[in-house]
Amino acid sequence: MDELAIADRRSLRRKLSFWRFVVAGLLLVAALAIFAWSGAAEEVGRTRQQVARVTISGLIQDDRELLERLQRIADNDSVKALVVTISSPGGTTYGGEVIYKAIRKVAAKKPVVSDVRTLAASAGYMTALAGDTIVAGESSITGSIGVIFQYPQIKDLMDKLGVSLESIKSRPLKAEPSPFHPASDEAKAMIQTMIDDSYAWFVDLVAERRKLPRAEVLVLADGRIFTGRQALKAKLVDTLGGEDEIRAFLAEKKVSKDLPIVDWEAPRTTLPFGLGAIAANWIKMLGYDAFPAMSGLEKIAGDKLFLDGLVSVWQVDGQ
């Protein structure tokens, strides 16, 4: 191949690369414009009279964004009521506590309905207690009133590997319990005291919110779970049903049935309508799959959850 042909090919390759960058840039600009437009439209929608709905799902933790969202709902005069939809096995005791208190702040200004779906147990049920009424599905799972503290024990494994860990502590209860040696009676007593204190708070909360004698709540608060029907019989929920029952309760509180229910969701971390994935695929098709960062457009950030400390969570044994 002569030098002129080589030069022509290089020139063509440079032009092709330029237009690849232009197309990729236009795709990203269009996606970001749609993203910004959808966010603005969402804010405009929140200025009309409505019933707000917040969904709490998965493991419950100290979620600052959720707390701020609930505060905005409390302060927004266009929001006439709040529906809290719960599908959660629970989570940290503190996470359930702060969400409960945030919802009660909303309830001080407008009616709040707790909507128990597939599962609202432990800290999930604690969250449901914040509503002025609790509506549950007949076959939903709820209850599991209690607190647990778990930690791993790997001493036997370390012994088999011939590895040991030595520590010098200021006092015997420092950094106890430890996964590196069995807990002492004093350490177990310390943790049990913490659990008992949090458990007593949970039981008192149920007794207060459900207007039940504490002795009766203690019978129910042995960690067992209930179906919606069983929970209604035990007076842990108020009504069985769904949206019709929610609307009926709100109508009793002078909230019009004609008001739309608007989902107040967490801010998006991905581009809408799957545009992140589409843009990433287009960029790969244009020959730029050598940039690993491009594959992260659909999911800009991940959130790995660790539950630590006192936990109020229900799960199937062995899961």
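Results, tabulated for the structure shown:
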item	result
Cut-off 19 Å, label 7 Å out along Cα→Cβ of Ala183, residues of region 149-169 by amide N	149-157
Net charge over other residues, Cβ less than 14 angstrom from the Cβ of Val219 (K, R count +1; D, E count -1)	+3
Under the Karplus curve 6.51 cos²θ - 1.76 cosθ + 1.60, θ = phi - 60°, whole-Hz ³J(HN,Hα) for region 257-267, x wherever Gly or Pro sits	5, 7, 5, x, 8, 10, 6, 9, 9, 5, x
Accessible carbon and sulfur surface of region 132-206 relative to its total accessible area, %, 1.4 Å	57 percent
Stretch gain in nm, segment Ser170-Asp258, where the contour uses 0.36 nm per residue and the Cα spacing is subtracted	25.2 nm
For region 213-262: accessible area per residue (Å², 1.4 Å)	61 Å²
Estimated vicinal HN-Hα couplings, Hz - region 246-251 in sequence order (Karplus 6.51, -1.76, 1.60; Gly, Pro = x)	5, 5, 5, 5, 5, 5
Accessible area (Å², per residue) of region 158-199, counting only protein heavy atoms and a probe of 1.4 Å	79 Å²
Using a Förster distance of 45 Å, the FRET efficiency for Tyr151-Ser78 (Cβ separation, nearest 0.05)	0.45
Per-residue ³J(HN,Hα) for region 166-173, Karplus 6.51 cos²θ - 1.76 cosθ + 1.60, θ = phi - 60°, Hz, x for Gly and Pro	9, 9, 10, 10, 5, 9, x, 8
Length released on extending from Thr193 to Glu243, taking residue separation times 0.36 nm less the Cα-Cα span	13.8 nm
Gyration tensor verdict on region 103-260 (Cα atoms; rounded if a/c is under 1.5, prolate if a/b is larger than b/c, oblate otherwise)	prolate
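The values are calculated or read from the model by the stated rules, or taken from the named source; none is laboratory data. Predicted, not measured: the structure shown is a model, and the values here were computed from it. Backbone-built Cβ (ideal geometry, glycine too); neighbour counts: all protein chains shown. For accessibility, only protein heavy atoms count, side chains too; no ligands or nucleic acids. Shrake-Rupley method; radii C 1.70, N 1.55, O 1.52, S 1.80 Å.
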